[in-house]
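Here the structure comes first, spelled out in structure tokens, and everything after it is commentary.
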Amino acid sequence: MNGYLGRILRVNLTTGDIQAEPLNEAYARQFVGGSGLACRYLYDLIDADTDPLGPDNPLVFMTGPLVGTSAPSCGRFVVCARSPLTGIWGEANSGGSWGPALRFAGYDGIIITGQSDRPVYLTIHDGEVELRDAGHLWGLDFYAAHDVLQAELGDTRARVAAIGPAGENLVKMAAVFNDNARAAGRTGMGAVMGSKRLKAIAVSGRGKVPLADPEAFRAAAKAATAIVREDFSSEMFRDLGTAGWMDAGSQLYGDVPMKYFTQGEFDGAFNLSGSSMTETILTGNSSCYGCPIRCGRVIEIQDGPYAIAETDGPEYETLCTFGTLLLVDDLGAVAALNRRCNELGVDTISSGVTIAFAYHLFDQGVLTEADTGGVTLCWGDPAGAFHLLELLARREEGLGALLAQGVRVIGSHYDRPTEAAHVKGLEIPMHEPRAFGGMALAYATSPRGACHVQGDPYQVDIGMAVPELGLVEGDRFATEGKAQMVARSQDWRALYNALIMCQMCNPPVGLTVDLINAATGWGIGVDDLIPMGERISQLKRLLNCRLGVTPADDRLPDLVLQPLEAGATEGHVPDMEALLRDYYQVRDWDATTGCPTPARLAALGLNDLD
């Protein structure tokens, strides 16, 4: 198949059996790649009885048809399984160069089943695959494991995806890290990897991606790269990183969550902004494979309590979860917490929100120093966050073991379920649902739980419209017409997460079509894009229905549906009842079961799925 290597690697860790098999061409044509293709494979392999941390839960690493090509910002891969954190569809997406390296090594994806009786790692080099003992790597943090493996393989070009101690300890928000601490962060895929006693996967090779029309592809990629490089948002991300959103997000839109989603203003947010980082600790930029944007931050803190040698800097989400959400305005402290999360191997969003919930419960008198080991949790003081992070990553008996399960379990344990900031068990990310009604709806209906990359309607409502796809700017607080826009945004990003292209890279839609056609030879048009994405969206919903999701799960917690008294969202809360009613009609989901109707499935060519 043009655009594909045409091979999937299957690894059974129980038996040690390793087999290459042909890519299922029908699945690829329907679901493209990335999380779409991974979901189709998993649909055949898991059900409601599958233990997320058991040997029968397959762990899928998947690339897409644009990964490793000269298309801009297509250096990504996904890791998918049934999530131990949420119990439903689990999906994590990472950048760097690991995804292209897997393609150059000869495979489109890896399906890992079973469970090893000892720690192992997997090497893939130019199609040759081997399982090796990882006893000497077990217990190492991500950075140490990465460096030891590269030295052991004698190949600095080898790309390593690995877990840290949190994944080994089956912390349910553990992540899979690669390259310079790029993270497949959400839904606990690191815990699934740890449950299989798989410490790392190292990949390298010199292969090339076959293209249907190489000359046309080069022309489209060159044009798309030039446009992306000069785009205003790209310039902002290049200069300020994702933290460039901090100032506008907090001051103009009230989009930055503060004090565990209970406060609308925080003057210290400026100290965590992209401009503040540039003026203080920034030493350079880093880039994922083939990306003209270069939004990655490289930082160094030369002295003081948070001194750090040159390393990767915190992204916007982390600056919020360990900054504004705790009312901490010390950029050095947040950078150090970010580094420690990477070493331990945890998702900074889920761990940060979980720790902020602990601060909130301490403030309410629910948690005390008897629970925290004598540590006082004070808003604005990062010391408690450092302490709780260690407890969480080690799953230390008592509070650490509770924190390691996320806010849903904590809220239930302390009889505070309405104050647990999650949707379907996944902690809410750092775009305030009160700031954009579309984001509130996207959180409630995202297939993996609260998520800002399964659909980003806030981008549309701040002016990044895509009229060719029906994504048109509107009143951010409005309800009418919002459901249609949100569904289309989700479908568009579902296709992005299948190709896989970074969502910060937004070339003209026509050029995206040109790239797909020149890679695959499919001959699609602009009008085919949203239906392609919808097919993936509806498949994920169908799988979630099998795993137990019902309409009762499509909701936001009461915590974020209380109006704030100050800030740019003052007095505003989304009308979730109306938004969800409209959304179910747009999606053609049954109001009782929450499942796509047979008619909708048939229209998308999915009527063969039960």
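The values are calculated or read from the model by the stated rules, or taken from the named source; none is laboratory data. Note that the coordinates shown come from a computational prediction; the quantities given were computed from them, not determined experimentally. Counting neighbours? That spans all protein chains shown, and the Cβs are built from the backbone with ideal geometry, glycine included.
Numbers below:
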{"quantity": "Filter result for residue 377 (in contact with a helix residue (DSSP H, G or I) (Cβ under 7 Å, 6 or more places away or on another chain) and assigned to a loop (DSSP other than H, G, I, E, B))", "calculated": "yes"}
{"quantity": "Criterion (crowded, with 24+ Cβ neighbours inside 10 Å and not assigned by TED's automatic domain parsing to the domain that holds residue 504) met by exactly one of 400, 345, 365", "calculated": "345"}
{"quantity": "Which listed residue, of 67, 60, 78, 32, is in contact with a helix residue (DSSP H, G or I) (Cβ under 6 Å, 6 or more places away or on another chain), surrounded by 24 or more Cβ atoms within 10 Å (Cβ to Cβ) and farther than 19 Å from residue 540 by Cβ", "calculated": "67"}
{"quantity": "Residue under evaluation residue 203, criteria (1) touching a Gly at 6+ places or on another chain (Cβ under 6 Å); (2) part of a strand (DSSP E or B), criterion not met", "calculated": "(1)"}
{"quantity": "Members of the range 135-148 that are more than 18 Å from residue 311 (Cβ to Cβ) and either in contact with a Phe, Trp or Tyr (Cβ under 7 Å, 6 or more places away or on another chain) or not hydrophobic (A, V, I, L, M, F, W, C) (or both)", "calculated": "135, 136, 137, 139"}
{"quantity": "Single match in 435, 478, 440 (criterion: part of a helix (DSSP H, G or I) and aliphatic (A, V, I, L, M))", "calculated": "440"}
{"quantity": "Among the residues listed as 233, 275, the single one being polar (S, T, N, Q), in a helix (DSSP H, G or I), surrounded by fewer than 20 Cβ atoms within 10 Å (Cβ to Cβ) and not assigned by TED's automatic domain parsing to the domain that holds residue 335", "calculated": "233"}
{"quantity": "Residue in the range 472-481 that is of a type in the set (A, V, I, L, M) and over 15 Å from residue 537 (Cα atoms) present", "calculated": "yes"}
{"quantity": "Flag for residue 126 being surrounded by fewer than 24 Cβ atoms within 10 Å (Cβ to Cβ), in contact with a strand residue (DSSP E or B) (Cβ under 9 Å, 6 or more places away or on another chain) and among the acidic types (Asp, Glu)", "calculated": "yes"}
{"quantity": "Test: residue in the range 357-374 that is within 17 Å of residue 315 (Cβ to Cβ), part of a helix (DSSP H, G or I) and of a type in the set (D, E, K, R)", "calculated": "no"}
{"quantity": "Search result, residues across the range 246-262 that are farther than 13 Å from residue 323 by Cβ and in contact (Cβ under 8 Å) with a residue 40 or more places away in the chain", "calculated": "251, 252, 253, 254, 255, 261, 262"}
{"quantity": "Residue ranges of strands (runs of 3 or more DSSP E) in the range 119-186 with at least 3 members of a type in the set (D, E, K, R) and in the same structural domain as residue 17 (by TED's automatic domain parsing)", "calculated": "128-133"}
{"quantity": "Conditions (1) in a strand (DSSP E or B); (2) within 18 Å of residue 10 (Cβ to Cβ); number of the one not met by residue 91", "calculated": "(2)"}
{"quantity": "All positions within the range 109-134 that are closer than 17 Å to residue 170 by Cα and either among the basic types (Lys, Arg) or free of Cβ contacts under 8 Å to residues at least 60 places away in the same chain (or both)", "calculated": "118"}
{"quantity": "Test result for residue 603, more than 24 Å from residue 325 (Cβ to Cβ), small (Gly, Ala, Ser) and surrounded by fewer than 20 Cβ atoms within 10 Å (Cβ to Cβ)", "calculated": "yes"}
{"quantity": "Tabulated pairs, the range 479-495, first closer than 15 Å to residue 437 by Cα, second part of a helix (DSSP H, G or I) and polar (S, T, N, Q), C-beta under 7 angstrom, 6+ apart or interchain", "calculated": "490/537"}
{"quantity": "Filtered residue count, the range 215-245, keeping only those that are of a type in the set (Gly, Ala, Ser) and over 28 Å from residue 321 (Cα atoms)", "calculated": "7"}
{"quantity": "Test: residue in the range 139-150 that is crowded, with 21+ Cβ neighbours inside 10 Å, in contact (Cβ under 8 Å) with a residue 60 or more places away in the chain and touching a strand residue (DSSP E or B) at 6+ places or on another chain (Cβ under 8 Å)", "calculated": "yes"}
{"quantity": "Scan of the range 260-295 for residues that are within 24 Å of the chain's Cα centre (by Cα), small (Gly, Ala, Ser) and within 30 Å of residue 358 (Cα to Cα), ordered by number", "calculated": "269, 273, 274"}
{"quantity": "Test for residue 421: is it under 18 Å from the mean Cα position of the chain (by Cα), closer than 25 Å to residue 247 by Cα and in contact (Cβ under 8 Å) with a residue 60 or more places away in the chain", "calculated": "yes"}
